[in-house]
Amino acid sequence: MSAVAVGRDTVVSLKIEMYDAHGVLLEAPKEPFTYLHGGYGELLQALEEALEGRLPGEEVRLQLEPEQAFGEYDAELVRVEPVERYGEGLAIGMEVEEEGNFYRVTDVAGGKAVLDANHPLAGMALRFYLKIENVRAAKPEEMRQGVSLPQA
C-alpha cells in the first residue's frame, strides 16, 4: 500500500519545533501535533502550503515573516489602565476580556496595568522545523467538524 500524501482532507501528525529568527528554541512539544489539513485553521496557512503533497518521513524547514505567522505588532492594541479597575489579584500573565478583545497583562506597577491584545509572537519572524510523522485520509465526521478527532 502506498503512503498517503499531505493534501486537503487528510489528517497529518507532525513533529514541530519553533525557533525565533536567531535560532533560539521557543517550542518543541514532545508529542506530535495532529491536525486536519486543508484550510481548517488548525495550522498556519504558510505551514500548510509548505507541507502540501509531502509524504510521511519528509522534513521541512522554513522561516515565516510576521505577516505569515502571527501578524505585525500593533501598538494600538496596547492600553494602560488603573489597576483598581480590575480588582485585587491582577497579575502579569493574566487575561482580561473587554469589548470583544482578549488582553494579556504584561506589566503591573505604580497602580497601572499594561494590557496587550497582540499575540505573544506578533512581530516576530519564526523558523519552523516540521517532520511529517503520519498522514491518513480524514473521516467524514472530521471533515464535517473541521477538526481531527482522536483515534479510537
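The values are calculated or read from the model by the stated rules, or taken from the named source; none is laboratory data. On a predicted model such as this, the values are computed, not experimentally measured, just so you know. Here the Cβ positions follow ideal geometry from the backbone for every residue, glycine too, while neighbour counts run over all protein chains shown. To get the accessible areas, we keep the full protein, side chains included, count just its heavy atoms, and leave off ligands, DNA and RNA. Shrake-Rupley method; radii C 1.70, N 1.55, O 1.52, S 1.80 Å.
Per-structure values
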{"quantity": "Neighbour net charge for residue 21 - beta-carbon separation under 11 angstrom, K R +1, D E -1", "calculated": "-1"}
{"quantity": "Segments 124-130, 71-77 sorted - mean Cβ within 10 Å per residue, highest first", "calculated": "124-130, 71-77"}
{"quantity": "Lysine pairs meeting the criterion (Cα under 26 Å, 8 or more apart or interchain), as found in the chain", "calculated": "6"}
{"quantity": "Cβ-based charge dipole, the chain, positive-most Cα from 10, 145, 94", "calculated": "10"}
{"quantity": "Cβ crowding within 10 Å averaged over residues, with 10-19, 91-100 ranked highest first", "calculated": "10-19, 91-100"}
{"quantity": "Computed E for residue 3/residue 144 - FRET, C-beta separation, R0 35 angstrom, nearest 0.05", "calculated": "0.85"}
{"quantity": "The stretch 99-145: relative contact order in percent, alpha carbon pairs under 8 Å with at least 6 residues between", "calculated": "22 percent"}
{"quantity": "Relative contact order for the chain, counting Cα pairs under 8 Å that sit 6 or more residues apart, in percent", "calculated": "35 percent"}
{"quantity": "Spacing of the two label points (7 Å from each Cα toward its C-beta) at residue 101 and residue 55, in nm", "calculated": "4.9 nm"}
{"quantity": "Given charges at beta-carbon only (K, R positive; D, E negative), |dipole| of the chain in Debye", "calculated": "660 debye"}
{"quantity": "Mean projected area (nm²) of the alpha-carbon convex hull when the stretch 1-95 is viewed from all directions", "calculated": "9.4 nm²"}
{"quantity": "Total formal charge among the other residues, if their Cβ is under 15 angstrom from that of residue 91, Lys/Arg +1 and Asp/Glu -1", "calculated": "-3"}
{"quantity": "Dipole of the stretch 1-150 [Lys/Arg +1, Asp/Glu -1 at C-beta], most positive-end residue of 51, 113, 70", "calculated": "51"}
{"quantity": "Euclidean distance of C-alpha centroids, the stretch 64-92 and the stretch 94-152, integer Å", "calculated": "14 Å"}
{"quantity": "Summed side-chain charge close to residue 51 - residues other than residue 51 whose Cβ falls under 13 Å, Lys, Arg +1, Asp, Glu -1", "calculated": "-2"}
{"quantity": "Over the chain: helical MRE at 222 nm, DSSP H runs n ≥ 4 each giving -39500 (n - 2.57), nearest 500", "calculated": "-2000 deg cm²/dmol"}
{"quantity": "Vicinal HN-Hα couplings computed from phi for the stretch 124-138 (Karplus, 6.51 cos²θ - 1.76 cosθ + 1.60; Hz; Gly/Pro x)", "calculated": "9, 7, 10, 9, 10, 10, 10, 10, 6, 8, 7, 9, 9, 5, 6"}
{"quantity": "Mean accessible surface per residue for the stretch 51-142, computed with a 1.4 Å probe while every protein chain stays in place, in Å²", "calculated": "59 Å²"}
{"quantity": "Tail fraction, Cα-Cα pairs, the stretch 33-152, threshold 22 Å, whole percent", "calculated": "54 percent"}
